[in-house]
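Worksheet: the structure to be examined is printed underneath.
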Amino acid sequence: MELQQYLRIVRRYWRSAVATLLLCVVVAAALTLVQKPTYTASSALFLAVESGDSAGELSQGATYAERQVKSFVSVATTSVVLEPVIEELALDLTPVQLATKVTVTSPTATSLIDVSVTDGDPTQAARIADAVAASLTSAVDELSPDNGLGKGLVAASVIDPAVTPTSPTAPRPAVNLALGVVLGLLLGVGQAVLRSVLDTRVRTASDVETLTASPLLGSIGHIDDASARNSETSGSQWANAEAYRRLRTNVGFVGLGGERRPSMVMTSAMAGEGKTQTVVNLARVLAQAGESVLLIDADLRRPQVADRMRLDNEFGLTDVLTGRGKLEEMVIDVTPGSLAVLPSGTVPPNPSELLGSEAMSHLLATVERQYDHVLFDAPPLLPVTDAVVLAAQTAGAIMVARSGKVRRPEFEQATRLLDAGSVTLLGVVLNDVPTNGGGYYTGYYAEYTSTAVSPSNSVNWKSVQKGQRVEPAEEQVLEPQP
């Protein structure tokens, strides 16, 4: 995983990362406040070993002394040394309890023994340290082997008596808070990475690119500001309008490498991903560019196009396919010469059979000759097979994926269904992409809002190509995601 990926993960889960950091700092501060101050006093002993005058005897004496130091370090926390200390100072402790307060160490390759005692009372800590050092000196004399002259081979002496400490060794607020910050950063980033690994939802363009080789045709931002929904010339709604125009441009390149057909299906893996709104807005921006567009509501199970465009849905596609009405009678001209809509009509009991019927093939051949673009709003792929049946008869399908809703297994299963039905996946539209946090929309588009040409000044490019002078046409406001 690269550094940029980590940064994206932390940016996505920054709230929980900050919360984890603050929690660790608060816990470290709380522990520091409730911890009782303790003081440490230390004393030092030196062990001398009697040795001969020759070089060999001196070497053997040094080796023996080093071994004796290690032995007496262990002896210092035993009852032999600690019981006399308890009796001398009248401590209400057992040797085992006193041993938890005593730390005995020896610097490497030396004959020194350091005795440290930690206690809540600085004076008591110094008294215990001196008493343990004195008791250990006596123990060395008792346990050391005799040299034949009535004296031990090893002798211990205190070279640095304990001094009463003036400042506590614990707690250490600065160290504790620093550890809290470090631990908070590690846990914060760790939980963000773990959540990212466990979260299989498709969120970003990079997620889409890892799941399919088909191009990302557009990224549509999320709009939750009610005031922005009615204005296409400012804020995130303006950015969304530009995103749909970019989608229109990319759709114009679809199929240039092979057979160019005007028909395509808009679908999604699951319900609720915004396919209907995306196809409605795409139809509008195509019509605004001077193209003739027919939008057909082929979702014969839960039709929504007519409701979104405030049209009558009593008659429509099902009536044409069953022979109860003619195409020209069922089509509603929303913008004469530019945008027409064929509602779904009555919901039938056999949608898949109707969409795969010969009548559907005849209808498709007819409308492809009459319109520059024929857009179908089809049901989602995973619940039913309608979209695959219909898309197999057109140029292909565009799949809408709602950011943060569809999961990678669902997305992959949907693309496999299209492959199994020999349907070309023309591209993917990532819908409802979060725009807060200085992202693509708020960063890229906001830079141009003050100098950009007003979206209402759209031009009929087909008329321009023919050499005709045209006036700017009033542009419909794009509807936001539901």
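Quick check: is even one residue across the range 427-437 of a type in the set (A, V, I, L, M) and farther than 30 Å from ARG11 by Cα?
Taking the range 427-437 and keeping what is of a type in the set (A, V, I, L, M), we get 428-430, 433.
So of that shortlist, the ones also farther than 30 Å from ARG11 by Cα come out as none.
Looking for residues that are of a type in the set (A, V, I, L, M) and farther than 30 Å from ARG11 by Cα, one finds none in the range 427-437, hence no.
Would you mind stating whether ILE86 is in contact with a Leu (Cβ under 8 Å, 6 or more places away or on another chain) and under 13 Å from ALA162 (Cα atoms)? No; evaluated as a whole, the condition is false for this residue. Residue count for the range 210-257 satisfying the condition of being hydrophobic (A, V, I, L, M, F, W, C) and either modelled with pLDDT of 90 or more or open to solvent by less than 10 Å² (accessible area, probe 1.4 Å) (or both): 11.
Within the range 93-132, the set of residues being open to solvent by less than 60 Å² (accessible area, probe 1.4 Å), in contact with a strand residue (DSSP E or B) (Cβ under 8 Å, 6 or more places away or on another chain) and under 15 Å from THR78 (Cβ atoms) comprises LYS101, VAL102, VAL104, ILE113, VAL115, VAL132. Among the residues of the range 207-219, those that are without any contact (Cβ under 8 Å) to a residue 12 or more places away in the chain and more than 13 Å from PRO409 (Cα to Cα) comprise GLU209, ALA213. Just to be sure, is SER135 within 23 Å of LYS70 (Cβ to Cβ), out of contact with any strand residue (DSSP E or B) (no Cβ under 9 Å at 6 or more places or on another chain) and among the hydroxyl-bearing types (Ser, Thr, Tyr)? Against the criterion (within 23 Å of LYS70 (Cβ to Cβ), out of contact with any strand residue (DSSP E or B) (no Cβ under 9 Å at 6 or more places or on another chain) and among the hydroxyl-bearing types (Ser, Thr, Tyr)), SER135 qualifies. Contact annotation: residue pairs with Cβ atoms under 6 Å, 6 or more positions apart or on different chains, pairing a residue in the range 332-359 that is on the phi > 0 side of the Ramachandran plot and buried (at least 16 other Cβ atoms within 10 Å of the Cβ) with a partner that is at pLDDT below 95 and not aromatic (Phe, Trp, Tyr), are GLY345/GLY316; GLY345/LEU317; GLY345/THR318; GLY345/ASP319.
Test SER450 against the stated conditions and say whether it is modelled with pLDDT under 90 and open to solvent by less than 90 Å² (accessible area, probe 1.4 Å). It is false that SER450 is modelled with pLDDT under 90 and open to solvent by less than 90 Å² (accessible area, probe 1.4 Å).
Matching residues to (1) buried (at least 23 other Cβ atoms within 10 Å of the Cβ); (2) farther than 27 Å from PRO409 by Cα; (3) at pLDDT 90 or above:
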residue	(1), (2), (3)
ARG260	no, yes, no
THR267	yes, no, yes
ALA271	no, no, yes
ARG284	yes, yes, yes
GLU291	no, yes, yes
VAL305	yes, yes, yes
MET309	no, yes, yes
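The residues on offer are VAL374, VAL367, and the sole one that is in contact (Cβ under 8 Å) with a residue 60 or more places away in the chain, in contact with a helix residue (DSSP H, G or I) (Cβ under 9 Å, 6 or more places away or on another chain), open to solvent by less than 40 Å² (accessible area, probe 1.4 Å) and in a helix (DSSP H, G or I) is VAL367. Could you list, in sequence order, the residues of the range 382-400 that are within 35 Å of the chain's Cα centre (by Cα), of a type outside the set (A, V, I, L, M, F, W, C) and open to solvent by 10 Å² or more (accessible area, probe 1.4 Å)? Correct list: PRO383, THR385. Here VAL69 meets each of (1) modelled with pLDDT under 90; (2) surrounded by fewer than 18 Cβ atoms within 10 Å (Cβ to Cβ) with one exception, condition (2). Just one residue in the set VAL158, VAL175 is open to solvent by 50 Å² or more (accessible area, probe 1.4 Å), at pLDDT 90 or above, in contact with an Asp or Glu (Cβ under 9 Å, 6 or more places away or on another chain) and hydrophobic (A, V, I, L, M, F, W, C); that residue is VAL158.
Pairs meeting the criteria (first residue in the range 411-424 and farther than 22 Å from SER206 by Cβ and outside any helix (DSSP H, G or I), second residue at pLDDT 95 or above and polar (S, T, N, Q), beta carbons under 9 Å, at least 6 apart or on different chains) are lacking. The requirement of being open to solvent by less than 30 Å² (accessible area, probe 1.4 Å) and modelled with pLDDT of 85 or more is satisfied by GLY180.
Looking across the range 193-209 at every residue that is open to solvent by less than 40 Å² (accessible area, probe 1.4 Å) and over 10 Å from the mean Cα position of the chain (by Cα), the one that is nearest to SER16 (Cα to Cα) is identified as VAL202.
The values are calculated or read from the model by the stated rules, or taken from the named source; none is laboratory data. Values in this document were obtained by computation on a predicted structure and should not be read as measured data. Reconstructed Cβ throughout: ideal geometry from the backbone, glycine too, with neighbour counts over all protein chains shown. With ligands, DNA and RNA removed, areas are computed over all heavy atoms of the protein, side chains included. Shrake-Rupley method; radii C 1.70, N 1.55, O 1.52, S 1.80 Å.
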